[in-house]
Each structure stands twice: as C-alpha cells, then as structure tokens.
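Accompanying notes for the structure given below.
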Amino acid sequence: MLLEALSNYPYEGLTRELLALGMSWVVMDAGIEPDEEELADALEGALKSLGSRMKAHTSKMGRNDRSSFDKVLNAWFGRSAPETYGELFELVVTETIKLLRDGDIDPSESLSSIKIDKNGTYLGVTYNGEQAILPAIIKQPEYYERQSGFLSPTTGQKAQIRMDPLWFSFTALGFFTGFAGFIGGKYYLMTKPGIEGFWPYEVEDVIRNGLLQLTGAGASGRISLSTEELYEMKLAMKLAEEGRNVVEEVYPVTLHLISLERQVYTELKTTQLNLAGLSEYMTKYMRKIEAISIGGLPLLVELKEGNATVQKYPLWALLDVAEKELWKGVNGDGEMLAYIFVKDLYRAINSGRRELIRDAVFRLFRQGRALLEGSSRASGEFRKVMKTFMWQEHLGVLL
C-alpha cells in the first residue's frame, strides 16, 4: 500500500523525499500494509519520537497560507490555523490520528487515490469538502529556482498540489525528520532520496541511527552554511562532541537550504553530504586531544565569543577563524590562510589517503611558522590559534 502510493507519486524532488521520510515511520512500526489502527499507532509513535523538534522555532505562515489553512483546518478538524509552520504540521498529524482512530479516514482509499488534471495534482480524497494546498515552505522551493529562471514559477499540475489529512501528515512527519535547523532565516532540511529502498527491514537503522543523528547535530549546534567544506567539518565535529554514531548506509544525504527571498521561499542550494570519513577523523582527533589533556597537557585554545571566553580544540578554533575570514573577506597579506588550510585538510581526509593529510598539515605548519616569525598582518586571533596548533603534541594528534 505505502510503496505503491509512493511509486505512483508523479514527481521527483523535495516533496517526494519528505513523503518518503514520513511514510518510513509507518513502515518502521507497522510494515508496508498497515490497517487503520496500526497506522494511527505508528503516526503517534512518530510524534513522540520527534516531539522535541516540534517545539523548534519555525517561521510564521504567510498571509496566503494562513488564510487557506484557516478554511481547510476548520473544515477538517474544527480548528483555526496556528501561527507557524511547525505548529501547523504538529496540529495536522495530531488531528489526523484522531480521524484514523474514529474510522473517519480510509487509508487504502486515500493512498490509492492520486489524480492529475489541468488544474493540479490531488493526493488522497476530499475530506469534508476540502483538500489542503502544499505549504509554501515545501511547494515554492521546488518551483522557484534560483539557479535558472530565478523567481520564474512553473505552471501546470506540479505547481498546485493538494492533499488530504493523511498525505499531509506524511509530509509533516518528513519535514520534522529532515529538520536540521531554522538558522539565520534559512531552513536546513536533510533528506535521503531513495530511502524506500531500505523498506521494510533496514529503514529504522537509517532513520534513527542515520538521518536523525545528522539533523539533530545540525539543529543543536545551529550549524549554518558558509561553504560546503566548513558546514561538513563543523557538522562532523558536532557529531563527535555529542558522541553520535552515524550508520554509513545513510550516506549520501541531500541538504536543502531554503530561504525567504522577495516573499518567496527559494531553494538557495542543494548539495549531497557524505561525512563518513570526516566523522571518523574528528572522533579520533577529539579522543586523542582528551587523552593528552588527561595526561596533564591541556591542548585547548581560549577564544572570545561575545562577552564570554570559551575553550576549544585547536582544529575547532581554526574552523571558527576560517569562517570569520570568509565573512570579513581578504585582508592583511591578501590570503585567507585558515580557510585555505581547512579546505586542504577537508580534501585530504575525504581522500582517505594518509600522505595527503600529512602534506596538508606540514604545509600549514610551514605557513604558520612564517606567519608567527615574520611581519605578516594576520589577525591576533589567528596567531593565538596557531601558537597552540603548532605544538609538537598537536602535530601528533593531527597525523
């Protein structure tokens, strides 16, 4: 039932990926052919598992969405539209569970009904005379492309997707599963295209020990994207700090960066992530640093963050400096030394070749020594980081 429904969904892209994630929760608990009660129990279990994410900050709904959902939610549940998208998604899933338990929705009929006409695409059946539009934060990124024809909308069936409560619930659960933060006015969503290939037996491992670990670290660390290298390295560091073990089967995942641009939610960037090598390196790095510190030599750098002073591992601190170089632009002698090294190390680690890591580290040490002993106009913060970074003990950790 679920696999057939997903197979019949006619488009590729973000919406399909979120539907697959949402359906995966049901497959994990009730298999591919659940009855009404099993489906309700599975949705309820998903809500409990994702509970903390539903309290995360999300943006307020726009006027059009608010007006549309006010009408639909009143017809479906006798409820008015909440303020934020997160509250909307939680409400839809919660109320849909009640409809399933009361026998007001026939899952087989809903999931077997996908209709397309000149006005749009219709998922499921009309309930109390209404179907819901796809929310703007999901719909618009697929149809307003920054890379080509910026803010030029597509037309036709894909531009208008309407859903019944059950299909909407799958989309909502997919959103919470892939939610890696709403940071700086931008949504970070991670998906696993083709996750249905892991149904029914392997999907729980991929979700619980894969995607939820990645998105949880991204959200808790409020990790934002400046460059792909820095994002992946900071995410790998956060995974190491929090002791999160990620199953390699989850890779690659797709990161969707979505922002409100000129009153339209736009997909600014879509990129594939594979942190397997980086996570292994960062975990070993952190453990070796801690082992040395226990032995009496604290390999930490003190940096200012606002009005506070924080201690960081040298590599963590260097990433902070690299990110500041990007924000401020080139100054001093015209080189972004921290960022250049971070890029070198990123490539070396992902290559899996020890000699490339050694070459990247030795190159930075040569540049660092020249910087500390010469008249280079590097920032005081970079100099401070490099003094600890270049200790002999730290060299051993890096290699």
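How about region 84-180: which helices (runs of 4 or more DSSP H) wholly inside it have at least 2 residues that are hydroxyl-bearing (Ser, Thr, Tyr), crowded, with 16+ Cβ neighbours inside 10 Å and modelled with pLDDT of 95 or more?
Correct list: 85-101, 165-178.
Of all the residues that make up region 341-399, how many are of a type in the set (Ser, Thr, Tyr), farther than 30 Å from Gln272 by Cβ and in contact (Cβ under 8 Å) with a residue 40 or more places away in the chain?
Total satisfying the criteria: 3.
Please name all residue pairs, on different chains or six or more residues apart, with Cβ atoms under 6 Å, provided the first residue is in region 1-16 and is closer than 20 Å to Asp35 by Cβ and not assigned by TED's automatic domain parsing to the domain that holds Leu123 and the second residue is among the polar types (S, T, N, Q) and in a loop (DSSP other than H, G, I, E, B).
none
Considering (1) within 15 Å of the chain's Cα centre (by Cα); (2) surrounded by fewer than 24 Cβ atoms within 10 Å (Cβ to Cβ); (3) part of a helix (DSSP H, G or I), say which one Asp205 fails and leave the rest.
Against the list (1) within 15 Å of the chain's Cα centre (by Cα); (2) surrounded by fewer than 24 Cβ atoms within 10 Å (Cβ to Cβ); (3) part of a helix (DSSP H, G or I), Asp205 comes up short only on (1).
Just name the residue that is nearest to the chain's Cα centre (by Cα) out of those in region 352-374 that are among the small types (Gly, Ala, Ser) and exposed (fewer than 13 other Cβ atoms within 10 Å of the Cβ).
Result: Gly352.
Filtering region 1-30 down to residues that are in a loop (DSSP other than H, G, I, E, B) and surrounded by 15 or more Cβ atoms within 10 Å (Cβ to Cβ), which residue is farthest from the chain's Cα centre (by Cα)?
Met1
Only one of (1) over 30 Å from Arg222 (Cα atoms); (2) crowded, with 21+ Cβ neighbours inside 10 Å; (3) not hydroxyl-bearing (Ser, Thr, Tyr) is not met by Glu37, so which one is it?
Checking Glu37 against (1) over 30 Å from Arg222 (Cα atoms); (2) crowded, with 21+ Cβ neighbours inside 10 Å; (3) not hydroxyl-bearing (Ser, Thr, Tyr), the one that fails is (2).
Name the residue that is farthest from Arg222 (Cα to Cα), counting only residues in region 311-351 that are surrounded by fewer than 19 Cβ atoms within 10 Å (Cβ to Cβ) and more than 28 Å from the chain's Cα centre (by Cα).
The extreme case among them is Asp333.
Within region 191-201, does at least one residue satisfy the condition of being among the polar types (S, T, N, Q), assigned to a strand (DSSP E or B) and within 19 Å of the chain's Cα centre (by Cα)?
yes
So which of Ser80, Ser67 ends up being in a loop (DSSP other than H, G, I, E, B) and either without any contact (Cβ under 8 Å) to a residue 40 or more places away in the chain or closer than 17 Å to Ile137 by Cα (or both)?
After ruling out the rest, the residue left standing is Ser80.
Could you please let me know if Ile223 is touching a residue at least 60 places away in the same chain (Cβ under 8 Å) and hydrophobic (A, V, I, L, M, F, W, C)?
no
The values are calculated or read from the model by the stated rules, or taken from the named source; none is laboratory data. Treat the numbers as computed from the prediction; the structure is a model and nothing was measured. Every residue, glycine among them, receives a Cβ derived from its backbone with ideal geometry; neighbour counts consider all protein chains shown.
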